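Asks: I am attaching a structure below and will ask some questions about it afterwards.
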Amino acid sequence: MSAEDENAQVKAHSALVDFFVMYKKVLGISGALVFLSVLIILSFIGFIQYQWGDGPIEAVLDPETEQIRIQAGYMTQVAITLMFVSGVLMIPTVALLLYWLLTKGRKTHRNLLDIYSSFIHRTYVTTFELIPHQGKTKIDRLLNHLSLVFPEVERFADKIGMSFSDWWEKKKDELFFINYDGVFTTDTGYFILKIFKTTVKWEHIKDEIDKLNKEQKISKIVDTRRIMRVICLADEYDPFFESDDLISKMKETKRNYYKIDLILEREFGYSTIWIDR
């Protein structure tokens, strides 16, 4: 096993342990919140329906002080006390839950995303380089291959119950993104498919990135799901994409939280030109 694989394995193990610890903490806190909520609801029901035989709360004039004081039966006082104590206890409980989610939760989430990204990168390259594509159309062949890499895409493909090209003809006018050859939403976000019909040059990719950055800003306002991945497919790429300049250009070009992949389609399969990590 190489040093890189060993480090990745240690990181994955550490992230899984952190996840299980956080899960137990969040589960315990959530259970406490549910208990306190039920206690408040039961106390409130007993209070408003006077089921405990104490009658309503009354305003009584104290003959000694000649001041009005609130008088309630014993069980009514217990109900009010329970609601107050439960409400007070919920504040630190919710604060503790938020603390865990914003500290340990965010750190664990980042680590799991790193592991997921490494796993996807390996699977992506292996699948697209070695497995022949299948499907009647370009878009169907591409989605079939993506289903082998991304579990969320496989779930989407199973859910629609038809070829993607048929589904796209029915749904393309209902989706927010336009001028693309395929857009679908998954559990992790939007996948956008772009098929170039000419030789792809760097300017084409740069234009798409700039346009998608603007789309992403708008989608964050009108939609809770962000763009997860953009897959660009072409039959031919400019020789620039085989040079070292591509790496520096891709690193310099800002992408607004999404990943972009460049795929070359051959007669019987695919080649990966660039896969974002």
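Asks: Any residue at all in segment 74-84 that's modelled with pLDDT under 70, among the small types (Gly, Ala, Ser) and surrounded by 14 or more Cβ atoms within 10 Å (Cβ to Cβ)?
Replies: There is at least one residue in segment 74-84 that is modelled with pLDDT under 70, among the small types (Gly, Ala, Ser) and surrounded by 14 or more Cβ atoms within 10 Å (Cβ to Cβ).
Asks: Here is a further query. Filter segment 160-170 for residues that are among the hydrophobic types (A, V, I, L, M, F, W, C), assigned to a loop (DSSP other than H, G, I, E, B) and surrounded by 13 or more Cβ atoms within 10 Å (Cβ to Cβ) and give the result.
Replies: Taking segment 160-170 first, the residues among the hydrophobic types (A, V, I, L, M, F, W, C) are 160, 162, 164, 167-168.
Still in the list and also assigned to a loop (DSSP other than H, G, I, E, B): 162.
Scanning segment 160-170 gives no hits.
Asks: How about segment 177-216: which of its residues are modelled with pLDDT under 85 and of a type in the set (Val, Ile, Thr)? Talk me through it step by step, then tell me what you get.
Replies: Our first condition is that a residue be modelled with pLDDT under 85; within segment 177-216, this holds for 177-179, 187-189, 214-216.
Once the filter is applied, which keeps residues that are modelled with pLDDT under 85 and of a type in the set (Val, Ile, Thr), segment 177-216 yields ILE178, THR188.
Asks: Out of segment 247-270, which residues are in contact with a Phe, Trp or Tyr (Cβ under 7 Å, 6 or more places away or on another chain) and either part of a loop (DSSP other than H, G, I, E, B) or touching a residue at least 40 places away in the same chain (Cβ under 8 Å) (or both)?
Replies: To start, the set of residues in segment 247-270 that are in contact with a Phe, Trp or Tyr (Cβ under 7 Å, 6 or more places away or on another chain) comprises 249-250, 261-264, 270.
Those that are in contact with a Phe, Trp or Tyr (Cβ under 7 Å, 6 or more places away or on another chain) and either part of a loop (DSSP other than H, G, I, E, B) or touching a residue at least 40 places away in the same chain (Cβ under 8 Å) (or both): LYS249, ASP261, LEU262, ILE263, TYR270.
Let's see how each residue does on (1) touching a helix residue (DSSP H, G or I) at 6+ places or on another chain (Cβ under 6 Å); (2) assigned by TED's automatic domain parsing to the domain that holds ASP187; (3) without any contact (Cβ under 8 Å) to a residue 24 or more places away in the chain:
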| site | (1), (2), (3) |
| --- | --- |
| THR93 | yes, no, no |
| ARG122 | no, no, yes |
| ALA157 | yes, yes, yes |
| GLY161 | no, yes, yes |
| PHE164 | yes, yes, no |
| GLU174 | no, yes, yes |
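Asks: Scan segment 125-159 residue by residue and report those that are polar (S, T, N, Q), part of a helix (DSSP H, G or I) and farther than 30 Å from LYS217 by Cα. Quick ask: steps written out before the conclusion?
Replies: Restricting attention to segment 125-159, the residues satisfying the condition of being polar (S, T, N, Q) are 126-127, 134, 137, 144, 147.
After this cut, where a residue has to be part of a helix (DSSP H, G or I) as well, the list is 126-127, 144, 147.
Once the filter is applied, which keeps residues that are polar (S, T, N, Q), part of a helix (DSSP H, G or I) and farther than 30 Å from LYS217 by Cα, segment 125-159 yields THR126, THR127.
Asks: Condition test on PRO92, is it within 30 Å of ARG266 (Cβ to Cβ) and at pLDDT 70 or above? Don't jump to the end; show me each part of the working.
Replies: Numbers: within 30 Å of ARG266 (Cβ to Cβ): no; at pLDDT 70 or above: yes.
Spelling it out, it is not the case that PRO92 is within 30 Å of ARG266 (Cβ to Cβ) and at pLDDT 70 or above.
Residues checked against (1) buried (at least 18 other Cβ atoms within 10 Å of the Cβ); (2) over 18 Å from LYS136 (Cα atoms); (3) not acidic (Asp, Glu):
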residue	(1), (2), (3)
VAL149	yes, yes, yes
ASP158	no, no, no
LYS172	no, yes, yes
ASP187	no, yes, no
THR198	no, yes, yes
TRP202	no, yes, yes
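Asks: Okay, moving on. Considering only segment 223-256, state which residues are closer than 19 Å to VAL153 by Cα and touching a strand residue (DSSP E or B) at 6+ places or on another chain (Cβ under 8 Å). Show your work before the answer.
Replies: So the first thing to find is which residues in segment 223-256 are closer than 19 Å to VAL153 by Cα, and the list is 224-233.
Passing the criteria: ARG225, ARG226, ILE227, MET228, ARG229, VAL230, ILE231, CYS232, LEU233.
The values are calculated or read from the model by the stated rules, or taken from the named source; none is laboratory data. Remember, predicted model here, so these are calculated numbers, not experimental data. Note that each Cβ is placed from the backbone with ideal geometry, even for glycine, and that neighbours are counted across all protein chains shown.
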